[in-house]
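Nothing in this text is a laboratory measurement; each read-out follows from the coordinates by a stated rule. Everything numeric here is computed off the predicted structure, so don't read it as measured data. Neighbour counts run over all protein chains shown; Cβ positions are idealised from the backbone, glycine included.
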Amino acid sequence: MEKISFDFKNRTAIVTGGAQGFGLDITKRFLKSGAKVIIWDNDSIAIKSAVEDLNNPSLSFNIVDVSNYEEVDKIVKEITKVSNIDILINNAGITGPTSTLWEYDLEMWKKVVDINIMGTFNCCRSVVPNMIKNNYGRIVNVASVAGKDGNANASAYSVGKAGAIGLTKSLGKELADKNIAVNAVTPAGAKTRILDQMTKDHVQRMLSKVPRGRFLEVEEFTSLVCWLSSEENTFSTAAVFDISGGRSTY
């Protein structure tokens with residue numbers, strides 16, 4: 001199927017978790033559509049591999065821990081000295097261990113929640129003032145059906161993604177009188193490395209809940225994110241877009 005083209009010329013995008021999985025595919029599509037892309041990731045090996053493979057002068061990167069606000073804000077200030085930030089894709093996230101809540105490791109719980117919700121908050125808090133100043137912005141927060149349904153044995157991940165959905169609704173309304181759209185996407189399981197962090201039984205349970213009977217293809221997800229990030233999206237904000245193969249259609 002031929003991919004729909006988008007116009008991101010003269011736009012600068014930050015893609016967190018941009019060196020792998022969903023983030024890397026979004027980065028590729030943005031670059032092909034004319035955007036300048038800055039990938040943020042805390043995996044230096046993955047970043048090096050992505051930058052070498054893409055070999056694109058419009059691509060740059062920062063090694064960032066999105067759960068650290070001071071680190072995020074310092075880099076945003078450096079970027080905005082020379083460029084506006086037009087698009088922010090909050091894609092960085094981890095699933096954490098598969099465990100019941102009462103047996104969940106306390107440090108891992110904090111880490112999963114810090115990256116999935118505080119990371120999203122930190123990036124939005126730091127980037128939004130530049131978007132307000134420029135009266136333009138598109139923010140897409142990558143949540144999950146787990147944030148709607150709650151996945152057994154994945155309570156920290158479910159809480160983090162539910163938090164990202166709530167943040168999206170609040171921030172979208174706060175910015176609704178400006179040319180800034182804030183939306184969330186809730187994918188079901190997809191063919192990315194994140195599945196490798198889960199047990200086979202957990203992956204099979206996820207798949208059994210999807211009426212389509214298959215996992216999400218990364219390219220399908222990217223197409224939705226691109227539309228939400230484009231100038232074509234002039235009305236939708238504070239919304240949650242389902243892409244779960246029929247699992248969570250609410």
- FRET efficiency for Lys133 and Ile63 from the Cβ-Cβ distance with R0 = 30 Å, rounded to 0.05, comes out at 0.70
- For Leu106 and Lys77 in one chain, what is 0.36 nm times their gap in residues minus the Cα-Cα distance, to one decimal in nm? 7.1 nm
- Item | Rounded tilt (10° steps) of 218-229 against the dominant C-alpha axis of the chain | 40 degrees
- Percent antiparallel among DSSP beta bridges with both residues in the stretch 12-243, to the nearest 5? 0 percent
- Spatially proximal aspartates and glutamates relative to Lys74 (Cα-Cα < 17 Å; intrachain offsets below 8 disregarded): Asp41, Asp65
- Arranged by the count of other C-beta atoms within 10 angstrom, fewest first, what order do Cys226, Cys124 take? Cys124, Cys226
- State the dimensionless ratio Rg/Rh of the chain (Rg: radius of gyration of Cα atoms; Rh: Kirkwood radius). 0.94
- Part-to-part distance (alpha-carbon centres) for the stretch 201-246 and the stretch 144-184, which is given in Å: 14 Å
- With label points set 7 Å from each Cα along the Cα-to-Cβ direction at Ser170 and Phe241, the distance between them in nm comes to 2.4 nm
- Note on the structure: Taking Lys and Arg as +1 and Asp and Glu as -1, residues besides Ala35 with C-beta under 13 Å from its C-beta add up to +4
- Counting trypsin sites (Lys or Arg not before Pro) as exposed when in a DSSP loop with at most 15 other beta carbons within 10 Å, what is the longest stretch of the chain free of them? 82-177
- Query: Among Val113, Val37, which comes first, second and so on when ranked by fewest other beta-carbon atoms within 10 Å?
  - Reply: Val113, Val37
- Note on the structure: The exposure ranking of Met206, Met108, Met131, fewest beta-carbon neighbours within 10 Å first, is Met108, Met206, Met131
- Obtain the nm distance between the two label points defined at Glu232 and Ile45 by a simple spin-label model: each point lies 7 Å from its Cα along the Cα-to-C-beta direction. 3.8 nm
- Note on the structure: With a Förster distance of 30 angstrom and the Cβ-Cβ distance between Lys9 and Thr249, calculated FRET efficiency to the nearest 0.05 equals 0.30
